[in-house]
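The values are calculated or read from the model by the stated rules, or taken from the named source; none is laboratory data. Since we're looking at a predicted model, the values are computed, not measured. Positions of Cβ are generated from backbone atoms using ideal geometry, with glycine treated the same way; all protein chains shown enter the neighbour counts. Heads up: the accessible areas ignore ligands, DNA and RNA and are worked out on the full protein's heavy atoms, side chains in. Shrake-Rupley method; radii C 1.70, N 1.55, O 1.52, S 1.80 Å.
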Amino acid sequence: MRPLGLAELFVYVVLVTLLVSAIPVWLELRDRGLLAGPTPPPSPPAPDDAPAFPPAERAEPAFLARLPARLGRDLLALEMEDHYVRAHTAEGSDLILMRLRDAIAELAGLDGMQVHRSHWVAAAAVAGVERKPDGKLVLVLRDGRRVPVSRSHAAAVREAGWVDKAGP
């Protein structure tokens, strides 16, 4: 191969490399906030009779955005399965790759609690509570699912008033 042919090949390789890597690099920089986008125009000042701060709208918990659209947003429970979290909704269930601890953190603001080391339950999903002969509690959800309550979480379940709910 001649030196001129080698230089031409080098230029082609550099151009193709730049074209192939430009979009992923741009997307990564944008996601990290290192690219400045257009700044929004300033909002007009509020009239004197308007409240200084508009009432805060209740934001949807971040975890619900991870649910497939076919499952809806009526979250009943989360259940840990290996390295996944199985999200149970009124429409069905699906696996999501994340730790249960992280999923619970993303559910901040949603009324519910962790009732076992591998289960989280929404308050609205509890239809009743059963007591096993050994004294352990089992939550009965609206969809008929039964969720065990660990001894370490039983006091919190009682304090929340879930034990007072009528059985199925």
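Before moving on, here are some points about what is shown:
- Of the residues examined, ALA122 is one that is of a type in the set (A, V, I, L, M), closer than 17 Å to ASP164 by Cα and either modelled with pLDDT under 95 or open to solvent by less than 30 Å² (accessible area, probe 1.4 Å) (or both).
- Selection of region 105-119 for residues being within 13 Å of LEU76 (Cα to Cα), open to solvent by 30 Å² or more (accessible area, probe 1.4 Å), of a type in the set (A, V, I, L, M) and outside any strand (DSSP E or B) yields only LEU110.
- Checked against (1) within 26 Å of LYS136 (Cα to Cα); (2) free of Cβ contacts under 8 Å to residues at least 12 places away in the same chain, ALA105 meets all criteria but (1).
- Region 120-168 holds strands (runs of 3 or more DSSP E) entirely within its bounds, and those carrying 1 or more residues that are small (Gly, Ala, Ser) and farther than 22 Å from ARG101 by Cα map to 126-131.
- Qualifying positions in region 61-99 - more than 27 Å from GLY128 (Cβ to Cβ) and touching an Asp or Glu at 6+ places or on another chain (Cβ under 6 Å): ALA62, PRO68
- The residues of region 129-145 that are in contact (Cβ under 8 Å) with a residue 12 or more places away in the chain, surrounded by fewer than 16 Cβ atoms within 10 Å (Cβ to Cβ) and under 18 Å from GLU159 (Cβ atoms) amount to a single one, LYS136.
- Residue list for region 67-97, filter: without any contact (Cβ under 8 Å) to a residue 12 or more places away in the chain, under 21 Å from LEU139 (Cβ atoms) and of a type in the set (Asp, Glu): none
- For region 88-115, a residue qualifies if it is over 24 Å from ALA154 (Cβ atoms) and aliphatic (A, V, I, L, M), and the qualifying residues are ALA90, LEU95, ILE96, LEU97, MET98.
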